[in-house]
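For reference, the structure discussed in these notes is given below.
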Amino acid sequence: MFNYDPLWNTMKEQGITTYALQTFFGFSRGTTDALKHNRNVTLQTIDDLGQVLGVSIDKIVEIQKAPDTEEMLQRRQAYLKSWERKTRKKMKTDEEEEKA
């Protein structure tokens, strides 16, 4: 999850409004709307904001870990089991090839 509260705090400190972002710096209304609603924007947009504001990424966006859902945990466990089986199989095959 993305949280753009650091951006709004930085803009407030610098006296920059969303109107200024749109009018003077060329950000679209759609982009500023996405930022207001904590939706995804491109890394290029994040970089552009950093250039305009003269700040690093941590002054623009906070990345929060989404809470794990039961389904996501099950998928993760299934993937790890599959990976483990494939790794064991490959190791066994590699050992057999070395013996030959």
Every residue in segment 16-72 that is within 14 Å of Asp5 (Cα to Cα), in a helix (DSSP H, G or I) and in contact with a Phe, Trp or Tyr (Cβ under 7 Å, 6 or more places away or on another chain), please. Leu35
Return the residue satisfying two criteria in turn: it lies in segment 43-84 and is small (Gly, Ala, Ser) and surrounded by fewer than 14 Cβ atoms within 10 Å (Cβ to Cβ), and of such residues it is farthest from the chain's Cα centre (by Cα). Ser82
Take the residues in segment 5-42 that are of a type in the set (Lys, Arg) and either in contact with a Ser or Thr (Cβ under 9 Å, 6 or more places away or on another chain) or surrounded by 17 or more Cβ atoms within 10 Å (Cβ to Cβ) (or both), then tell me which one is nearest to Lys65 (Cα to Cα). Lys36
Residues of segment 1-48 satisfying the condition of being of a type in the set (S, T, N, Q) and closer than 21 Å to Ile63 by Cβ: Asn3, Asn9, Thr10, Thr31, Thr32, Asn38, Asn40, Thr42, Gln44, Thr45
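Taken together, the values in this text are just the output of simple stated rules run on the coordinates, not laboratory data. It should be emphasised that the depicted structure is a prediction, and the values quoted were computed from it without experimental measurement. With ideal geometry, Cβ positions are generated from the backbone for all residues, glycine too; neighbour counts draw on all protein chains shown.
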